[in-house]
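What follows is a set of notes on a single structure, which appears directly below.
Quick note: the coordinates plus some simple rules give every number you see, no bench work behind them. Source: prediction; values computed, not measured. Every residue, glycine among them, receives a Cβ derived from its backbone with ideal geometry; neighbour counts consider all protein chains shown.
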Protein chains: 2
Amino acid sequence: MDEVEAKVAEVELAADAGEKAPVAKKEKPKKEKPAKKEKAPQAAGDGKKEVKETQLGISAKKDDNFSLWYSQVVTHGEMIEYYDVSGCYILRPWSYAMWESIKDFFDAEIKKLGVKNAYFPLFVSEKALIKEKDHVEGFAPEVAWVTRSGNSELEEPIAVRPTSETVMYPIFSKWIRSHRDLPLKLNQWCNVVRWEFKDPTPFIRSREFLWQEGHTAFATKPEADEEVLAILELYRRVYEEVLAVPVIKGIKSELEKFAGGLYTTTVEAFIRNTGRGIQGATSHCLGQNFAKMFEIYFLNDNRERKMVWQNSWGLTTRTIGVMVMVHGDDKGLVLPPRVAPVQVVIIHIPSKDIETNVLIESCKEIAKELRDAGVRVEEDYRDNYKPGWKFSNWEMKGVPLRIEIGPKDVASKQVKVVRRDDGGKDFISVENIGDSIKNLLDVVQKSMLEKATRERDSCIVQARSWDEFMAALNNKKLVMAPWCDEKEVEEQVKERTKADLSGAAKTLCMPFEQPELPEGTVCFSSGKPAKKWALWGRSY
Amino acid sequence: MDEVEAKVAEVELAADAGEKAPVAKKEKPKKEKPAKKEKAPQAAGDGKKEVKETQLGISAKKDDNFSLWYSQVVTHGEMIEYYDVSGCYILRPWSYAMWESIKDFFDAEIKKLGVKNAYFPLFVSEKALIKEKDHVEGFAPEVAWVTRSGNSELEEPIAVRPTSETVMYPIFSKWIRSHRDLPLKLNQWCNVVRWEFKDPTPFIRSREFLWQEGHTAFATKPEADEEVLAILELYRRVYEEVLAVPVIKGIKSELEKFAGGLYTTTVEAFIRNTGRGIQGATSHCLGQNFAKMFEIYFLNDNRERKMVWQNSWGLTTRTIGVMVMVHGDDKGLVLPPRVAPVQVVIIHIPSKDIETNVLIESCKEIAKELRDAGVRVEEDYRDNYKPGWKFSNWEMKGVPLRIEIGPKDVASKQVKVVRRDDGGKDFISVENIGDSIKNLLDVVQKSMLEKATRERDSCIVQARSWDEFMAALNNKKLVMAPWCDEKEVEEQVKERTKADLSGAAKTLCMPFEQPELPEGTVCFSSGKPAKKWALWGRSY
């Protein structure tokens, strides 16, 4: 921390009045814009340079005021801009590029599984929306309705999709006739709208968000079951391999499963600073509920009329928020190399010992070599900022590696490399620098996952009684507890824990990896015989 | 045509009652679903096979009943499914893959120009929407309004974006302060909604559609002007290089330009069968109108407060519809190789002279070689359809090349290749078949553009008087006519032509390539001195 403070002080942070156009006053910030009120710590300029430098720093500490810290990180890190429709956010290029990385990975993988992309409409008729009763009950309160076009009232209000089961399945019933039409595996990348009234948080909970939704139909349950897990494994890989965020795979309780589905599997992440679990992505087996309501039948080999088995599965831009929360530090974002829009930033260190042009030429050669090796490189030769300001700026944006090149480096054919994740510094020869840097990026990626996994593991505790459970919970832990697996008991636990300011606890999942459950073990809450271990926690 | 008829007769088209599940009656088709009423021409099965074959053929002729033909082609070609919200369509995987091809091309090109992708919200506050007066007048009648969430009325209705100028520019005003923040070049791939009441047509006019919208800001007008044309050139390339559709570049008249902008450039395509022009994509210079309304100022080098110059530009899924209309024939879709989801389909011709397994093995080797060469291949070894049925099926879907492999081909190490665009047949050696097929795909691509260009060119005529103009128009031509370039005169022409059943004519553009305009030439309509040649036509 002290190093951070020192750096901030070292950097010139004087407000550059001259660079700010005297525009008229903008709209008053809405209540979910705390970040705008925060000013970066400002120090007087040293007066050495004509053009003064200013930077919005991260003033909040991750451990002290997590929500303010998060808000500063996503705004000053140029991921998010606030917007005048409450609960909606702008994804700036820096975060949208991360979404593109996630998309590229996942899209290629599902195509290998034979899934095809399509696009279904944004709007759902009321008739289709309300067809599956449990499903509509789960979503109805959050549905946005279009009732007017121009100045005319629509004959019937039309819903904006909160998810597309009811958009797609009437058509599935038309497309699927024979066993030869199965499996049907579709996916779409799109926006959905859920008009929630809980506090919105960028990426984590917003009224509009981007996601992929897969919708598949099979002749048999085993095929559907198998796909549920294949997709869940891809979700695990998105988190662990791309975002370096450890997740726990498991199955949701009856209370927490998808409305209208048969069972829901999930990958659950954990935010250490708030002690909260967070649902990463879910892969649902819908069973035959929707098939029945939407009449999705097929003739099997023996010409018998059968209902299909269906799955749906979704991964949203929430992924990005989880990654920020897990890895970010008091300097700002810390991006895993695989998802970083820029993996390496090259900064020249001007000096009277070398002509700046010559120095920059050396930098450009390195940049070219890295690009040829497939590394995403940014070169920062701006002359109106000092190196220290640039260091802080790129640290705030989370770029995994910084390469500094000064006159001595040019002479000794090496560069200084600084890791964003652990601050480690090293000198690397310019010979084969493409390979060296690619290896180092792999090391960073791996090491970020390992660190996050260690931290997460240290925050999961077992509890066998109510007192142990509450103690762990209030110590910001996730709790593995033997459970009777009864809906009413989960409801009671929610009720009993919600008195606390931090909110109610619930099951995150029943992990696939179960500790031993000796005969006679009882539920931590009900005292009834325990059926399995469940992972409990407060959650987002 | 006779060949088509013969083929249809040759193929078994008996309805396969056994393959149709006895599902309950579906929703009544809406009025824009003419395709559903059309049945394929049906012939009695020949009784030779146990599993009978059925296929929805294209019964309408492109020259006789264009709109029915189009509707059959996009539905039976599995591009579009109709939907129960009027004016909204489902993009099936076959057409969505085409959109992905267009995206991949265009996205890579704009990234080279330094444009970055972002994502702005679907919703616009009323306050922002109405800020630029001309702009809102252009869009207001088509705006869909969300007024309700769940059962609660919203405090203020929220518009669904018809385009994102008013979504983005309040933020531009925040982000842009100094000349160092310019140029700002953003793009997003998203859905937009325009609740039009004209007849909807798949791809061509729908209430929700997919597009990209670029929004850029510059310090000077020349920079903006230059980008307008750079983007327009990319649009030309999407049409001509990817979709093999010839377009005419030009500038829109005052009456036809973008609401609120300074000037609009366009690429205009032509549909021969209806004699109508169709706007392909537009690249607008917005001038400073929006900058003024949204207060987008910057300080230039001399610390003077200046307004930015802005552009916006968009390309939609309409591209796909234009391509279908231009290239399709009475057998169905004809896809240019660059946009075809499948470029080559391999069909084995079973025979008593060879074991089917052996034959299929040969096919698979060819398929692998083509895939290794980067060709998109589909293999159709279905045993419940005869080759003739498969031929028709893949022709209907527009696959550019069909490879047939029978016992003789295996023996002589060759394959039969049939072109979809001109029906040309040839035998190609299996040696270096990857290269041969790639070359042939290039030939097809080029030849489709040439053919479409010849046809288009033969339908543009010059007219110097009203009579010539009307004669050409009613002969389904586009008309190049000398024009005084006065708004009122275009309005008069619209008025005078709209009596005709085919609808009003308007300017499509004033082409950049202008024929000579000798001094003293007068406007074909007003008789005033002509200022330039304009391209007129009825249009979509």
*By counting other Cβ atoms within 10 Å of each Cβ, how are A:142, B:153, B:227 ranked from fewest to most?*
B:153, A:142, B:227
_Which entries of A:62/A:451; B:116/B:249; A:116/A:446; B:127/B:498; B:397/B:438 have Cα-Cα distances beyond 28 Å here?_
A:116/A:446; B:127/B:498
_Assume the label is 7 Å from Cα along Cα to beta carbon: what separations in nm does residue B:498 have to the matching positions in the other copies?_
5.9
*About the Cα centre, charge dipole magnitude for segment A:93-327 (Lys/Arg +1, Asp/Glu -1 at Cβ), debye*: 180 debye
*Ranked by Cβ crowding within 10 angstrom, fewest neighbours first, how are B:236, A:303, A:496 ordered?*
A:303, A:496, B:236
*Over 16 Å, how big is the tail of the calculated P(r) for segment A:160-258, in percent of all Cα pairs?*
71 percent
_Value at 222 nm in deg cm²/dmol, rounded to 500, when DSSP H runs of n ≥ 4 in chain B each add -39,500 (n - 2.57)_ = -10000 deg cm²/dmol
_FRET E, pair residue A:531, residue A:454, Förster distance 22 Å, beta-carbon r, rounded to 0.05_ = 0.10
_Cα-Cα over 19 Å, subset of A:364/A:416; B:221/B:532; A:390/B:306; A:198/A:494_ = B:221/B:532; A:390/B:306
*Mind putting together the pair-distance distribution for the protein assembly as shown? All Cα pairs, 10 Å bins, whole percent per bin, short to long.*
2, 9, 17, 21, 21, 16, 10, 4, 1, 0, 0
*Contour excess over end-to-end distance, with Cα ends at residue B:100 and residue B:351 and 0.36 nm allotted per residue*: 86.5 nm
*Sort shortest first the distances from residue B:353 to its counterpart in every other copy, using label points 7 Å along the Cα-to-beta-carbon line, and give them in nm.*
8.2
*Please provide three numbers in whole Å: the alpha-carbon extents of segment B:228-300 along the principal axes, with the largest listed first.*
51, 26, 15
*Write down the Kirkwood hydrodynamic radius of segment B:194-337, to one decimal in angstroms, obtained as one divided by the mean of 1/r over all alpha carbon pairs.*
16.7 Å
*asked:* Need one number: the % of Cα-Cα pairs in segment B:110-213 sitting beyond the 22 Å mark.
replied: 42 percent
*State, to one decimal in nm, how far the label point of residue B:229 lies from the label point of residue B:429, with both points 7 Å from Cα in the Cβ direction.*
4.9 nm
*Whole Å is fine, so just give me how far the alpha carbon centre of segment B:372-386 lies from that of segment B:150-188.*
47 Å
*If you average the sequence gap of Cα pairs under 8 Å that are 6 or more apart and divide by the length of segment B:146-243, what percent do you get for the contact order?*
22 percent
*asked:* What is the angle, in °, between the Cα long axis of helix B:221-237 and the longest principal axis of the Cα atoms in chain B? Nearest 10 is fine, range 0 to 90.
replied: 10 degrees
*Rule-of-thumb Rg ratio for segment B:93-327 [Cα; 2.2 N^0.38 Å; N residues]*: 1.03
*Across the residues of A:79-87, average count of Cβ atoms on other protein chains within 10 Å?*
5
*In square nanometres, what is one fourth of the surface area of the convex hull spanned by the alpha carbons of chain B?*
30.5 nm²
*Mean Cα-pair separation over length for segment A:181-316, i.e. relative contact order, pairs under 8 Å, 6 or more apart, %*: 25 percent
*Of all DSSP beta bridges located in segment A:344-456, what percent are antiparallel, nearest 5?*
55 percent
*Over the alpha-carbon set of segment A:344-456, work out the extent along each principal axis and list the three values in angstrom, largest first.*
49, 29, 21
*Taking R0 as 35 Å, what's the FRET efficiency between residue A:475 and residue A:108 from their Cβ-Cβ distance, rounded to 0.05?*
0.25
*Tell me the distances, shortest first, between residue B:137 and the same position across the other copies, using label points 7 Å along Cα→Cβ, in nm to one decimal.*
5.3
_Taking 0.36 nm per residue of sequence separation and subtracting the Cα-Cα distance, how much length would be gained by fully extending the chain between residue B:498 and residue B:461, in nm to one decimal?_
11.3 nm
*Assuming R0 = 22 Å, can you tell me the calculated FRET efficiency for the pair residue A:488 and residue A:134, based on Cβ-Cβ distance, to the nearest 0.05?*
0.80
*By residue number, which cysteines of the protein assembly as shown lack any other Cys whose Cβ falls under 4.7 Å from their Cβ?*
A:88, A:190, A:285, A:363, A:459, A:509, B:88, B:190, B:285, B:363, B:459, B:509
*asked:* Taking each pair of distinct Cα atoms in segment A:137-181 once, what is the resulting Kirkwood hydrodynamic radius in Å?
replied: 13.0 Å
*asked:* Treating segment B:316-403 as a set of equal point scatterers at the Cα positions, no solvent, please give the Debye-formula log₁₀ I(q)/I(0) at q = 0.17, 0.19, 0.23 Å⁻¹.
replied: -0.76, -0.89, -1.12
*Can you tell me the relative contact order of chain A? Whole percent, Cα pairs under 8 Å, sequence separation 6 or more.*
13 percent
_D (Stokes-Einstein, µm²/s), Kirkwood Cα radius, segment B:460-539, 0.692 mPa s at 37 °C_ = 268 µm²/s
